[in-house]
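Here's the structure we're looking at; comments come further down.
The values are calculated or read from the model by the stated rules, or taken from the named source; none is laboratory data. It should be emphasised that the depicted structure is a prediction, and the values quoted were computed from it without experimental measurement. Neighbour counts are summed over all protein chains in view; Cβ atoms, including those assigned to glycine, are modelled from backbone coordinates with ideal geometry.
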Amino acid sequence: MDPPARGANDGPLHGLRIGVKDNIDVAGVACTCASAFFADRVAGEHAEVVRRLLAAGAQVTAKLNMAEFAVGVTSQNSAAGPTRNPWDPARVPGGSSGGSGAAVAAGLVDASLGTDTGGSIRLPASACGITGLRPTVGSVSNAGVYPVSDLFDTVGPMARAVTDIARIHAVLRGETPAPAPAARRIGVPGVFLTEDVDPAVAAAVRTAAGVFDMLGYEVVPIDIPGAGTAQDVVYTLVYSDLAERHRDRIRCASELFQPATLERVSLGLRIGASERAAALVRRDEFRQALTAVFDRVDAVLTPAMPIDVPLLEGGADVIAQSRRMGQFSYPWSLHEGPTLAFPVGFHPASGMPIGAQLTAAAHHESTLFDIGAKYQGVTGWHAVRPHVRTPNQ
């Protein structure tokens, strides 16, 4: 689609084939946000993240399908049609960056850009068996990216290995923060490994904790104050922002929305100013509590998703499915700092990938890259590739 920028042949990403989620502008190319509303929308210039990739020698080779307006956890609500999981076409790839996750897993691209508001990089990374980073809020430019919520939106890389994530992130971020101190302690909160977590998922994450222990990290139990209500806080803020952004479309042309999108963006119409203000206070309280958590540990380990990867027809109740799949991603969206999703095994019943998350303090991406690279240096989950099948096979 777009070759490297002139003079970028020796750049740090030279030769890397990168796909771009279809809410990120590539000059002269349609940017539809997977919506009929934007069927004829063509970007006039590159998003800042695309400009940086090309300047570093990467090749932007594809625009990738997604959930409409980046609203959804299954990537089935797209005007371009649904995205399937390359591990099993009868299952979802996660969302909203479902095309970004599926393309990397299937080997169509070496890496991709996704966006993450409530889990839209981390859920597809988990469902597709790859690695993905939600970076520190505000650390990577959102210029030229169609927004969901300015409070939580991030752009981040998706690839097989942490090492590729790290070098792409360095290009996207530009200015490199001072390196974080060497990580020594990883916290595992019991609230994220409760009885409502699929036993195979919990077992895989506990096994990953054992690997970290073997690598020399001190793995300790911790509490995350407010984790049980964090998802509701994020929903209140995101849905109110969505309703405000799409209010005219809801009122004047609601039939153009995918039904699952309309159901979710309409929820915010019932959220008043006082409810939103209260949610902002709770967000600040949660962030303050996390400051104390990261004074005790260098990273926090949790499942990325509490369930096995759902079947395509497994979510008639759009809201309930969104809450269930995003049960462990939304709380970390309330945090300013970065979260790395990475594969830790396969489900014994379905054969589908299982993902975990590592979260660190703001601007401590280097901590996650160091821990994640050491984990992937002694495990091989990230290197396993699916046998890509067509829906009729």
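Quick look at the values:
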item: Residue that is surrounded by the fewest Cβ atoms within 10 Å (Cβ to Cβ), among those in segment 214-248 that are assigned to a loop (DSSP other than H, G, I, E, B) and not β-branched (Val, Ile, Thr); result: Gly216
item: Qualifying residue in segment 76-95 (condition: surrounded by 24 or more Cβ atoms within 10 Å (Cβ to Cβ), at pLDDT 95 or above and part of a helix (DSSP H, G or I)); result: no
item: Gly44 being touching a residue at least 12 places away in the same chain (Cβ under 8 Å) and buried (at least 24 other Cβ atoms within 10 Å of the Cβ); result: no
item: Total residues in segment 347-374, condition under 18 Å from Asp213 (Cβ atoms) and surrounded by fewer than 22 Cβ atoms within 10 Å (Cβ to Cβ); result: 3
item: Tally, over segment 346-393, of residues that are touching a Gly at 6+ places or on another chain (Cβ under 9 Å) and more than 16 Å from Val162 (Cβ to Cβ); result: 9
item: Residue check, Leu269 under 20 Å from Thr117 (Cα atoms) and surrounded by fewer than 20 Cβ atoms within 10 Å (Cβ to Cβ); result: yes
item: Elements of type strands (runs of 3 or more DSSP E) in segment 99-198, at least 3 residues being in contact (Cβ under 8 Å) with a residue 12 or more places away in the chain and small (Gly, Ala, Ser); result: 111-116
item: Any hit, segment 360-375, residues being of a type in the set (Ser, Thr, Tyr), in a loop (DSSP other than H, G, I, E, B) and touching a strand residue (DSSP E or B) at 6+ places or on another chain (Cβ under 9 Å); result: no
item: Near pairs, Cβ below 9 angstrom, 6+ apart or cross-chain, from segment 204-220 (closer than 11 Å to Arg185 by Cβ and touching a residue at least 12 places away in the same chain (Cβ under 8 Å)) to any residue that is assigned to a helix (DSSP H, G or I) and hydroxyl-bearing (Ser, Thr, Tyr); result: Phe212/Tyr375
item: Sole residue being at positive phi and in contact with a Phe, Trp or Tyr (Cβ under 7 Å, 6 or more places away or on another chain), chosen from Gly226, Gly216, Gly174; result: Gly226
item: Condition check for Ile319: under 22 Å from Asn77 (Cα atoms), at pLDDT below 95 and β-branched (Val, Ile, Thr); result: yes
item: When residues of segment 376-393 are limited to those that are in a loop (DSSP other than H, G, I, E, B) and modelled with pLDDT of 95 or more, the one surrounded by the most Cβ atoms within 10 Å (Cβ to Cβ); result: Pro386
item: Any chance Asp248 is closer than 23 Å to His335 by Cα and among the acidic types (Asp, Glu); result: no
item: Count of segment 115-151 residues which are of a type outside the set (Asp, Glu) and closer than 20 Å to Val104 by Cβ; result: 21
item: Residue list for segment 272-302, restricted to those being within 23 Å of Met325 (Cα to Cα) and surrounded by 16 or more Cβ atoms within 10 Å (Cβ to Cβ); result: Ala279, Arg282, Arg283, Phe286, Leu290, Ala299, Val300, Leu301, Thr302
item: Count - residues of segment 123-145 that are within 20 Å of Arg173 (Cβ to Cβ) and not β-branched (Val, Ile, Thr); result: 11
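Residue by residue, here is whether (1) in a strand (DSSP E or B); (2) closer than 23 Å to Ala102 by Cα; (3) at pLDDT 95 or above holds:
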| site | (1), (2), (3) |
| --- | --- |
| Ala5 | no, no, no |
| Ala34 | no, yes, yes |
| Phe37 | no, no, yes |
| Thr61 | yes, yes, yes |
